[in-house]
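Contents: one structure, followed by commentary.
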Amino acid sequence: MQSYAYFISLINHLDATDASSSSIGKYIWGIVIILLAIVLAAGFLIMKLLKSLRDQRERLRSLTEVELREFLEGNPHLIEATEDYIPFQALAYNREYEIPYDYLTIGKNP
């Protein structure tokens with residue numbers, strides 16, 4: 001009789017364990033799906049960023065001679081056309097503001 005009661009209590013314990021493990025399984029699946037969505041979103045954003053960088057490089061390579069000259073020398077017609085302010089696009093490139101390569105320490109700890 002005692003072994004029968006022990007057997008019944010063991011079955012009840014296993015049923016309770018299965019119920020809690022199935023709810024834990026649901027949480028685990030929920031976490032896995034959320035993490036998968038995050039990884040897919042991050043991958044999508046990285047792909048968009050890489051495409052944007054590639055497009056910018058292509059546009060930079062395809063600048064015409066006139067556009068390069070306007071960048072280096074400025075656009076005096078645009079400066080004369082505006083009275084209240086000077087648009088930064090019209091200003092000439094000033095090499096005095098360049099930082100020499102020797103002064104740069106990118107990625108190095110001092």
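Worth a mention:
- Checking every one of the trypsin sites (Lys or Arg not before Pro) in region 26-110 against DSSP loop status and a limit of 10 other Cβ atoms within 10 Å picks out Lys108.
- Positive contributions from Lys and Arg (+1) and negative ones from Asp and Glu (-1), summed over other residues with Cβ under 12 Å from the Cβ of Gln89, come out at -2.
- Residue-wise HN-Hα couplings along region 65-82, as the Karplus relation 6.51 cos²θ - 1.76 cosθ + 1.60 with θ = phi - 60° gives them from phi, are 5, 5, 5, 5, 5, 5, 5, 6, 9, x, 10, x, 5, 6, 5, 5, 6, 9 Hz; Gly and Pro carry x.
Each reported figure results from applying straightforward, stated rules to the coordinates on display, with no laboratory input. Quick caveat: nothing in here was measured; it's all calculated off a predicted structure. Cβ coordinates were reconstructed from backbone atoms using ideal geometry, including for glycine residues, and neighbour counts include every protein chain displayed.
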